[in-house]
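One structure is given here, and the rest of the page talks about it.
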Amino acid sequence: RDKPLPPITDEEKPFELPEGWEWVRVGNIGVTQTGGTPASNRPEFFDGDFPFIGPGQITVTGEILPPEKFVSEAGRFESAVAEPGDILMVCIGGSIGKSACATYATAFNQQINSIHPLLALNSYVLSAMTARDFVMSVIGASTGSATPIISKGKWDLLLVPMPPLAEQSRIVARLAQMRRLCVDLRQRLTAAQSSQSRLVVALVSEIVAS
């Protein structure tokens, strides 16, 4: 980084963290970048098979859908590239704050910021960035009312609570366990509702028949 990010003041800290944790700016967690779109009047930039995505390929559930567009090797260098494990976040528009972890190498447009974590587990960084408090901080730091947008410069300054590495692993494992529990509960609820519906239909049929 050409210029160090400013130190975090006590006034900036949203709340006190447990012992061993510390607040860290996004830009100090790893390498950040903003995407770009190759010039549309240069067909040679799009005559290729390298994936190119926009906000539409990032879902609200944190998945990255297959690309709808592709660029050439030359077009790839006119954009920005996320490697598997990088975190992508939509930085403009009504879906600002949507984020996902890249599962394949892909170029992305200027409506997306990315971070390649160096000092933290990417799975923990994704969990922290999908937390409501962080998404609200993204929205709060954005400009524009009709079309909110946050620049990479402001995005880099946002704060993430950072625990020790072992604690990051425990948090990620616990979250995965809770997600599996939620899926199981939803499946059980759906099965129970289905059984209840069949029971009501059987009772009604019996009443009508009598």
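Per the 1.4 Å probe, what fraction of the accessible area of the chain, in percent, lies on carbon and sulfur atoms?
Details: 7270 of 12510 Å².
Answer for the chain: carbon and sulfur cover 58 percent of the accessible area.
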Karplus-derived 3J(HN,Hα) from phi for the range 59-70 (6.51 cos²θ - 1.76 cosθ + 1.60, θ = phi - 60°), whole Hz, x at Gly and Pro, runs 8, 5, 9, x, 10, 10, 6, x, x, 9, 10, 9
Label point 7 Å out from TRP21 along Cα-to-Cβ: which residues of the range 117-151 have amide N under 19 Å?
-> 119-138
For the chain, the charge dipole (Cβ of Lys, Arg +1; Cβ of Asp, Glu -1; about the Cα centre) points to a positive end, and the Cα of GLY48, ALA102, ILE8 closest to that extreme belongs to ALA102
Here, GluC sites (Glu not before Pro) of the range 16-112 satisfying both criteria (DSSP loop; at most 13 other Cβ within 10 Å) are GLU16, GLU19, GLU63, GLU68
Could you work out which residue, out of ASN41, ASN28, ASN113, moves most in a Gaussian network model of the chain, that is, has the largest mean-square fluctuation with Cα springs under 10 Å?
-> ASN41
Taking the alpha-carbon set of the range 118-190, what are its Rg and Dmax in Å?
-> 15.9, 46
Which cross-chain or sequence-distant (5 or more) residues have an amide H under 5 Å from the amide H of VAL24, H modelled 1.01 Å from N in plane?
-> VAL160, MET162
For the range 89-104, Karplus-derived ³J(HN,Hα) couplings (6.51, -1.76, 1.60; θ = phi - 60°; whole Hz; x for glycine and proline) come out as 9, 5, 10, 7, x, x, 9, 4, x, 5, 9, 7, 9, 4, 9, 8
Computed about the Cα centre, the charge dipole of the range 1-156 from +1 Lys/Arg and -1 Asp/Glu charges at the Cβ has a magnitude in debye, to the nearest 20, of 300
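Determine the per residue accessible area of the chain with all protein chains present and a 1.4 angstrom probe, expressed in square angstrom. Numbers along the way, then the final one.
Working: 12510 Å² over 210 residues.
Roughly 60 Å² per residue, with all protein chains present.
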Which label marks the calculated value of mean projected area of the Cα convex hull in nm², given the options [x] 18.1; [y] 21.1; [z] 13.1?
-> [x]
Hey, got a sec? Which chymotrypsin sites (Phe, Trp or Tyr not before Pro) in the range 102-162 land in a DSSP loop and have at most 16 other Cβ atoms within 10 Å?
-> TYR104
MET178 accessible area, 1.4 Å probe, all protein chains in place, Å² to nearest 10 = 90
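The values are calculated or read from the model by the stated rules, or taken from the named source; none is laboratory data. Note that the coordinates shown come from a computational prediction; the quantities given were computed from them, not determined experimentally. Here Cβ is always computed from backbone atoms with ideal geometry, including for glycine, and neighbour counts include all displayed protein chains. All accessible areas refer to the heavy atoms of the entire protein, side chains included, with ligands and DNA or RNA removed. Shrake-Rupley method; radii C 1.70, N 1.55, O 1.52, S 1.80 Å.
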